[in-house]
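Below is one structure, written out as C-alpha cells; the observations come after it.
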Amino acid sequence: MNTTETQSLNKYSRTLTQEVTNPAAQAMLYGIGLKESDMAKPQIGIASTGYEGNPCNMHLNGLSVYVKQGVQANDMVGLIFNTIGVSDGMTNGNDGMRYSLPSRDLIADSIESVVQAQWYDGVIAVVGCDKNMPGAIMAMARLERPAIMVYGGTIRSGHYKGQKLDIVSAFEALGKKFAGNISDEDFKGVIQNSIPGAGACGGMYTANTMAASIEAMGLSLPFSSSYPATHEGKQDECRKIGAAMKKLLELNLTPKEIITRKSLENALTVVMALGGSTNATLHYLAIARAAGIPLTLDDIQAVSDRTPFIADLKPSGKYYMEDILAIGGVPAIMKYLYAQGLIHGDCLTITGKTVAENLAEAPDLDFETQNIIFPLTNPIKASGHIQIMYGNLAPTGAVAKITGKEGLRFEGHAKICEHESEIIDMLSKGEIKEGHVVVIRNAGPKGGPGMSEMLKPTSAVIGAGLGDKIALITDGRFSGGTHGFVVGHITPEAFDGGPIALVKDGDLITIDATTRQLILHISDEDMATRKAAWIQPKPMFTKGVLGKYIRNVKSASEGCVTDEN
Ligand code: FES
C-alpha cells in the first residue's frame, strides 16, 4: 500500500479541474454548481442502481443522497450517477429473464465507463439486487482507484394469516394453486402480502449471498449486509461512507489490494457456511477474472469441502436475513469462522484495517441463545452445500446445491423441457411425475440466451408437492431461492452441442452427490451417434444486447464473462 505523503487525493480528477488545457470541462463543472473552492477536491462517483420499479432498488437513489452528504462532509465532491438494474423477480420467465445475467456485465461496463470517462478519484456503488452487486465489484476490480460497495439491505418479512412470507412464498403459491392446495383468497392474500416494502429478497438468496460474501471479501463496511433496507443502521452506514472513502484515498488503497486469492476464499467460505446461492459461483469466477486472479470451479469445490454448512436460513432453512442482525450480524458469524481457522485474517479491507482487526470489534455469537447458526461441531452438513459436478453429462462442470435434506443420490428417467416455460404447462397437466429427472435445456448463456434462472419452475415444483420426488437439471441457473434436488450451470451448454442437448425422454440419469457425478446412462457409441446427428440451433438473437451477448459470453464454468477472447 502506498502512503499519501506524495500523493494528492485528486489524482484523476485534477486532469479536468487543474489543467489549463481543459477549460470546457471546468466550465461544465461550474455549470453543475461547483465553486472555485471545490475544484481541487477529490471527486467521487456514486453509482446507484436506484430504480422505482422494484423493491430491491426502489430506495437506492434515496440512500445515495445520504452517501453524497457523507462525501461532501468529508471535503470531497460526490456526484451521483445511475446504471441500469433488472429485478429477477419481475422478469416473467425466459422472455424477460434473458436480460438478467447480461445486466451484470452492462452494470460493470457502465460503472467502468463513467468513472474512467469522467476522471473520478473513487467510486461508491449503492446496489441492491442479484446482478447489481457482482456487476459493481467487477467494475471496481477493473478500476485502479478506491472503491466501496454499499448494500441496499434485505427486505423485511411479509405476513399473512400468521405466516411469515417472502418472494418465494409467492412463487410457491402458484405450485399450490396447480395442486389445488390453496384457495383463491389465500393465493391473492399471499401475493398481496409477501413484499412489505423496500429491500432485496429476504432469504439467503443471491442478493443476500453476494452482500454477505462481498462484506467478507472486504469491499463493504462491517454490517453492510446485515442491516435491513429500512433499518436506521442502513442510513448511518451511508453517512459513514464518506469518511471511509477519504481514508481509502489517503491510503491509496484500491480493490486490487483487497480482492486477492485469500479474500476470494473468505467470500466463498461465507457463501458455503451460510448456504448461499449457486449463482455465487458464476459471480466469483467473474470477479476473479476481472481482478486477474486465477479461480476455477475446482477451487470453489475445495472451499466447499472444508467449510461446514451451518446456517438455518431460507431457502432450505427457517430464518431470514433480517434475523441475522439480532445475533450479531455477518461480523459475528465471520468472527466465529475466523476463530475456527476458516477465514484468512490478514486480508485488507475498505476500513483500512485487516479482516482480523475488524473482527476484533465484532460481537460474539452466542450458541446458548440463538439457533440460526449451528456450531461447527454440529453442522447442518459437514461440508459446503455447493457441489461441482462432472460426468458424461457435464464434461466441463455443473453446479449443484446439495444441503443433504434432499438426499445425496437421485436416479430417474429424463423428462425433457426444450424451454423453461414448458415445465409450468407440464405441471399443470400432471405430466411431471415422481422419479422424473426434468431436463430443462436451451437455457444456457448463449442458448437462452442469458442463462435463465429457474425460480418459477422450481418453486412451482415445490408448491406442487414434488420437491423431494423429482430432480431438475439444466444448462440454465437456479435462483438463490431454489431448494430441492437441482443441478444447474451444466457445461458445455446445449447450444454448443453439450451432452445435455443429446438427452432423450426416458433416458436414465444418475445424480450422485457423493461422487459428484452427473451420468447419462447411454454408451459412448450412442452418445457419438447422437452428437453426429445434432444440428446447432440458430442463435435466437443476432442484434441488440442479446445478439452481442451470444457472440461474447463465455461458459458458465468461466463465469459467463463477456470481456475476454
Ligand atoms: Fe432483487 Fe430478489 S429480485 S433481490
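Structural remarks
- Wholly enclosed strands (runs of 3 or more DSSP E) of the range 455-534 bearing at least 1 residues away from the ligand (no atom under 16 Å from the Cβ) and within 22 Å of Glu558 (Cβ to Cβ): 471-474, 485-488, 517-520
- Every residue from the range 15-54 that is within 16 Å of the ligand (Cβ to nearest atom), surrounded by fewer than 16 Cβ atoms within 10 Å (Cβ to Cβ) and not charged (D, E, K, R): Gly53
- Tyr319 vs. criteria open to solvent by less than 10 Å² (accessible area, probe 1.4 Å), at pLDDT 95 or above and aromatic (Phe, Trp, Tyr): no
- Here is the figure for the range 82-97: residues that are surrounded by 24 or more Cβ atoms within 10 Å (Cβ to Cβ) and more than 13 Å from the ligand (Cβ to nearest atom) total 1.
- Counting only strands (runs of 3 or more DSSP E) that sit wholly inside the range 146-230, those with at least 1 residues that are open to solvent by 10 Å² or more (accessible area, probe 1.4 Å) are 158-160, 163-165.
- One residue alone among Gly345, Gly384 is in a loop (DSSP other than H, G, I, E, B), touching a helix residue (DSSP H, G or I) at 6+ places or on another chain (Cβ under 6 Å), free of Cβ contacts under 8 Å to residues at least 60 places away in the same chain and surrounded by 15 or more Cβ atoms within 10 Å (Cβ to Cβ), and that residue is Gly345.
- Residue match in the range 473-493 (condition: surrounded by fewer than 18 Cβ atoms within 10 Å (Cβ to Cβ) and either outside the structural domain of Asp95 (by the TED database) or at pLDDT 95 or above (or both)): no
- Count of the range 528-561 residues which are open to solvent by 30 Å² or more (accessible area, probe 1.4 Å) and touching a residue at least 24 places away in the same chain (Cβ under 8 Å): 12
- Residue in the range 400-423 that is at pLDDT 95 or above, in a strand (DSSP E or B), more than 29 Å from Tyr549 (Cα to Cα) and open to solvent by less than 30 Å² (accessible area, probe 1.4 Å) present: yes
For (1) in a helix (DSSP H, G or I); (2) within 18 Å of the chain's Cα centre (by Cα); (3) over 30 Å from Lys41 (Cα atoms); (4) within 15 Å of the ligand (Cβ to nearest atom), each residue gets a yes or a no:
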site: Cys56; (1), (2), (3), (4): no, yes, yes, yes
site: Val67; (1), (2), (3), (4): yes, no, no, no
site: Asp75; (1), (2), (3), (4): no, no, no, no
site: Ile80; (1), (2), (3), (4): no, no, no, no
site: Pro102; (1), (2), (3), (4): yes, yes, yes, no
site: Leu106; (1), (2), (3), (4): yes, yes, no, no
site: Ile111; (1), (2), (3), (4): yes, yes, no, no
site: Val123; (1), (2), (3), (4): no, no, no, no
site: Gly135; (1), (2), (3), (4): yes, yes, no, yes
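- Val86 vs. criteria touching a strand residue (DSSP E or B) at 6+ places or on another chain (Cβ under 6 Å) and touching a residue at least 40 places away in the same chain (Cβ under 8 Å): no
- Residues of the range 276-307 classified as free of Cβ contacts under 8 Å to residues at least 24 places away in the same chain and under 24 Å from Gly202 (Cβ atoms), total: 0
- Looking across the range 231-258, the residues that are over 26 Å from Ala198 (Cα atoms) and outside any helix (DSSP H, G or I) come down to Asn252, Leu253, Thr254.
The values are calculated or read from the model by the stated rules, or taken from the named source; none is laboratory data. Every value quoted in this text rests on a predicted model; they were computed, and no experiment measured them. Virtual Cβ from ideal backbone geometry, glycine too; neighbours counted across all protein chains shown. Side chains are part of the model used for accessible areas, which takes the heavy atoms of the whole protein and leaves out ligands, DNA and RNA. Shrake-Rupley method; radii C 1.70, N 1.55, O 1.52, S 1.80 Å.
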